[in-house]
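**Q** First the structure, then my questions, so here it is.
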Amino acid sequence: MDKKTLIDHLNEDLAAELSAVIQYTTYAAKVTGPYRPQLEQFFLAEVPDEQMHAQFLANKIVALGGEPTTTPTPVAAAKTNRDMLQAVLEAETRAAAGYIVRANEADAFGDIGLKVQLEDMVRDETGHREETERILRDWPL
Ligand SMILES: [Fe+2]
Ligand SMILES: [Fe+2]
């Protein structure tokens, strides 16, 4: 694992975290119906975690000599509450799986501090994924 590749991959992760902040912020505004207050709070409660992930990644990219991206990956279009929860589930599943790969890359690069931080982020994203999956489990069709 060379430094350039690691920086590029961390920038892909940063773009996804910036997207997550936008996704949760806009979805929180869009939820409707009798559970709107709970869903709004559920989405907004994720924003600080994702923002901290983005901040960590931006700092690490600069520390490694790279330039942090300012372009988020596109947020999945979703209209209904269920579609939004499903899109969140997919994004969190992707994030958790991606950070497992990235932690192994950090290990191969020889940066154990980065590896440990990325493993922490696997834990965060796994928690987000599990909470979302439990909300969807009994969601009426
Ligand atoms: Fe995140
Ligand atoms: Fe997350």
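The values are calculated or read from the model by the stated rules, or taken from the named source; none is laboratory data. Note that the structure is a prediction, hence the values are computed from the model and not measured. Ideal geometry is used to build each Cβ from the backbone, glycine not excepted, and the neighbour counts take in all protein chains shown.
**Q** Got a sec? Which of Gln23, Gln38, Gln55 is closer than 19 Å to Glu133 by Cβ and without any contact (Cβ under 8 Å) to a residue 40 or more places away in the chain?
**A** After ruling out the rest, the residue left standing is Gln38.
**Q** Follow-up. Go through (1) under 26 Å from Glu105 (Cβ atoms); (2) assigned to a helix (DSSP H, G or I) for Gln38 and report which single condition fails.
**A** All conditions pass for Gln38, except number (1).
**Q** Let me ask another. Is it fair to say Ala87 is hydrophobic (A, V, I, L, M, F, W, C) and more than 30 Å from Met1 (Cα to Cα)?
**A** yes
**Q** Evaluate the following for Pro34: is it more than 16 Å from ligand 1 (Cβ to nearest atom) and either surrounded by fewer than 14 Cβ atoms within 10 Å (Cβ to Cβ) or on the phi < 0 side of the Ramachandran plot (or both)?
**A** yes
**Q** Let me ask another. Does Glu133 qualify as being of a type outside the set (A, V, I, L, M, F, W, C) and crowded, with 18+ Cβ neighbours inside 10 Å?
**A** For Glu133, the condition - of a type outside the set (A, V, I, L, M, F, W, C) and crowded, with 18+ Cβ neighbours inside 10 Å - is not met.
**Q** Working only within the stretch 78-130, note down all residues that are buried (at least 16 other Cβ atoms within 10 Å of the Cβ), part of a helix (DSSP H, G or I), away from ligand 2 (no atom under 16 Å from the Cβ) and not aliphatic (A, V, I, L, M).
**A** Once the filter is applied, which keeps residues that are buried (at least 16 other Cβ atoms within 10 Å of the Cβ), part of a helix (DSSP H, G or I), away from ligand 2 (no atom under 16 Å from the Cβ) and not aliphatic (A, V, I, L, M), the stretch 78-130 yields Asn81, Glu105, Asp107, Phe109, Lys115.
**Q** Quick one: how many residues across the stretch 42-77 are away from ligand 2 (no atom under 16 Å from the Cβ) and at negative phi?
**A** The number of residues fulfilling the criteria is 15.
**Q** Here are Ala45, Ala29: which of them is within 16 Å of ligand 1 (Cβ to nearest atom), modelled with pLDDT of 95 or more and either within 15 Å of the chain's Cα centre (by Cα) or not in a loop (DSSP other than H, G, I, E, B) (or both)?
**A** Checking each option against the conditions leaves just Ala45.
**Q** I would also like to ask the following. Filter the stretch 84-100 for residues that are of a type in the set (Val, Ile, Thr) and in contact (Cβ under 8 Å) with a residue 40 or more places away in the chain and give the result.
**A** Scanning the stretch 84-100 gives a single hit, Val88.
**Q** Quick check: is even one residue across the stretch 80-92 among the acidic types (Asp, Glu), modelled with pLDDT of 95 or more and within 16 Å of ligand 1 (Cβ to nearest atom)?
**A** For the stretch 80-92, residues among the acidic types (Asp, Glu), modelled with pLDDT of 95 or more and within 16 Å of ligand 1 (Cβ to nearest atom): present.
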